[in-house]
Amino acid sequence: IGEEDLKTILAQLGHEGDEMVDIRRDAVAMLGILCSAPHSDAVNAAVCDAFLAALTRDDERVAVLAEVLNVMMDMYSADETDEGNHEEIFKQKNVLQAFQRMAPILKRKISLERGVASPAEIEMWKETSLNTSRFIKYKKGHM
């Protein structure tokens, strides 16, 4: 992906408002697909920064938060010994701490969506919440 294309997709994460939730979630998903291919530390750091910013938005919707966490778990699931890992970025950006902070927030936000979101969405988000807790345990054991 070219630098301008990356900037365009990253800019989509900055759109605010409930009407833009699908755009933000889809931008996260696109970045996840792109980051599943080998990419530089610079690209990884830029994407990580954008994702961490999304996680710190108090008013961010569950759909976006869950997508960010899912993509980040994919991005940082490789061990330090695996080729193409970005473990240094993970450590430099304090991603584990962000996950630890987000785990209870995600659970709370999911419970607030009951009766508003579809049962399928709730189940998917609950699975993300469970996977987030597992990812935290896994990373703590490998650092």
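Brief remarks follow.
- Matching entry among 16, 60 (being at pLDDT below 95 and more than 20 Å from residue 100 (Cβ to Cβ)): 16
- Qualifying residue in region 106-121 (condition: in contact with a Pro (Cβ under 9 Å, 6 or more places away or on another chain) and either part of a helix (DSSP H, G or I) or modelled with pLDDT under 95 (or both)): no
- Pairing each residue of region 10-33 that is within 11 Å of residue 67 (Cα to Cα) and in a helix (DSSP H, G or I) with any residue that is among the aliphatic types (A, V, I, L, M) and open to solvent by 50 Å² or more (accessible area, probe 1.4 Å), provided the two are 6+ apart or on different chains, yields C-beta distances under 9 Å for 27/11.
- Scan region 86-135 for residues that are under 20 Å from residue 45 (Cα atoms) and not basic (Lys, Arg) and the total you get is 15.
- Filtered residues of region 5-62 (kept if acidic (Asp, Glu), under 21 Å from residue 92 (Cβ atoms) and open to solvent by less than 80 Å² (accessible area, probe 1.4 Å)): 49
- Boolean, residue 132 is polar (S, T, N, Q) and in contact (Cβ under 8 Å) with a residue 40 or more places away in the chain: yes
Table: residues versus (1) more than 19 Å from residue 14 (Cβ to Cβ); (2) among the acidic types (Asp, Glu).
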site	(1), (2)
58	no, yes
64	no, no
82	yes, yes
86	yes, no
99	yes, no
106	yes, no
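- The residue that is farthest from residue 58 (Cα to Cα), among those in region 106-122 that are surrounded by 15 or more Cβ atoms within 10 Å (Cβ to Cβ) and among the β-branched types (Val, Ile, Thr), is 122.
- Selection within region 63-77: residues that are touching a Phe, Trp or Tyr at 6+ places or on another chain (Cβ under 6 Å), in contact (Cβ under 8 Å) with a residue 60 or more places away in the chain and part of a helix (DSSP H, G or I). The member of this set that is surrounded by the most Cβ atoms within 10 Å (Cβ to Cβ) is 66.
- For region 123-143, a residue qualifies if it is surrounded by 15 or more Cβ atoms within 10 Å (Cβ to Cβ), among the aliphatic types (A, V, I, L, M) and more than 15 Å from residue 67 (Cβ to Cβ), and exactly one does: 136.
The values are calculated or read from the model by the stated rules, or taken from the named source; none is laboratory data. All figures in this text were calculated on a predicted structure; none of them were measured in a lab. Cβ coordinates were reconstructed from backbone atoms using ideal geometry, including for glycine residues, and neighbour counts include every protein chain displayed. These area figures cover heavy atoms from the full protein model, side chains too; ligands, DNA and RNA do not enter into them. Shrake-Rupley method; radii C 1.70, N 1.55, O 1.52, S 1.80 Å.
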